[in-house]
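Before any comments, here is the structure.
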Amino acid sequence: MGQKNFCEKIQQLNNGSYELLVKIGEVADSLHYPCYVVGGWVRDLLLGVKNKDIDVVVVGSGCVMAKEI
């Protein structure tokens, strides 16, 4: 799967996940923290399986990120 198809899959999410991911990205950028979506959610997205459990790795303070979000 190409990067374009992956991005399209993320943009087509309609359960609030897309908006949450955008917010996480904006906060991570504002704090200059690298941030990655990892784990089963990524796998399930690629396989077309619904999953609301999003795992995020933050290189920085997770507590600061959570407060900002």
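A 1.4 Å probe run over the chain, with the rest of the protein chains in place, finds 71 Å² accessible per residue. Looking at the chain, which longest stretch skips every one of the trypsin sites (Lys or Arg not before Pro) that is in a DSSP loop with at most 14 other Cβ atoms within 10 Å, leaving the sites themselves out? It runs 1-49.
So for the chain, taking the charge dipole from beta-carbon charges (+1 Lys/Arg, -1 Asp/Glu), which of Gly60, Val49, Leu21 sits furthest toward the positive end? Result: Val49.
Taking mean projected area of the Cα convex hull in nm² straight from the coordinates, which label in (i) 4.9; (ii) 4.7; (iii) 6.8 is the correct one? The value matching this structure is (ii). Here the chain exposes an accessible surface that is 54 percent carbon and sulfur, computed with a 1.4 Å probe and the other protein chains kept in place.
The values are calculated or read from the model by the stated rules, or taken from the named source; none is laboratory data. This is a predicted model, so every value here is computed, not measured. Positions of Cβ are backbone-derived with ideal geometry, glycine not excepted, and every protein chain shown enters the neighbour counts. Protein only, heavy atoms only, side chains kept; ligands, DNA and RNA dropped before computing areas. Shrake-Rupley method; radii C 1.70, N 1.55, O 1.52, S 1.80 Å.
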